[in-house]
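Since every read-out is calculated from the coordinates, none of them should be taken as a lab result. A quick note: this is a predicted structure, and the numbers were derived from the prediction, not measured. So basically every Cβ, Gly included, is an ideal-geometry build from the backbone, and we count neighbours across all protein chains shown.
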Amino acid sequence: MATLAWDWRWRTPKRFDLIWLNVFDRKAYESAADYNAYKSRETAPGSAWCRLGITVDVPPERGKGNLFILHFFPDGHVATSKVEEFPVPIASFANRDSLPTLKGTQCIHGVPNPKFGKQEPKFHE
């Protein structure tokens with residue numbers, strides 16, 4: 001889950017580049033115990049970094065609890081919707097195997113590991 005705070009100085013349409021990690025082989029991804037995303041140019045086994053540009057055409061309304069929902073589909077596209085309350089999914093989870101999928105790639109637009117070369121966060125308990 002991600003959160004976006006709208007800057008009221010922004011004008012619509014407002015374009016964002018959305019980047020996410022697509023884990024397509026959970027077993028391979030979880031077996032890479034020594035993998036460090038900050039030290040490796042390569043993406044973790046069983047995963048791919050994806051990028052897609054999205055455009056917000058209608059800004060949120062001031063003083064309202066606006067929800068901006070991203071719907072990820074197995075064919076690589078992302079649909080967006082703005083709703084007033086938590087929505088019913090736009091595709092049935094039960095019928096997810098009947099949805100079209102990408103062939104030969106994991107992303108419409110893949111990108112290199114965006115964490116490589118950045119400073120690794122320090123976690124303290």
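At a glance:
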item: Residue-wise HN-Hα coupling along the range 20-35, computed from phi with Karplus coefficients 6.51, -1.76, 1.60 (Hz; x: Gly, Pro); result: 9, 9, 9, 8, 9, 9, 4, 4, 5, 4, 6, 7, 8, 5, 8, 5
item: Calculated FRET value between Thr3 and Lys103, using beta carbons and R₀ = 25 Å, to 0.05; result: 0.15
item: In nm, spacing of pseudo-spin labels at Arg51 and Ala33 (7 Å Cα→C-beta vector); result: 3.4 nm
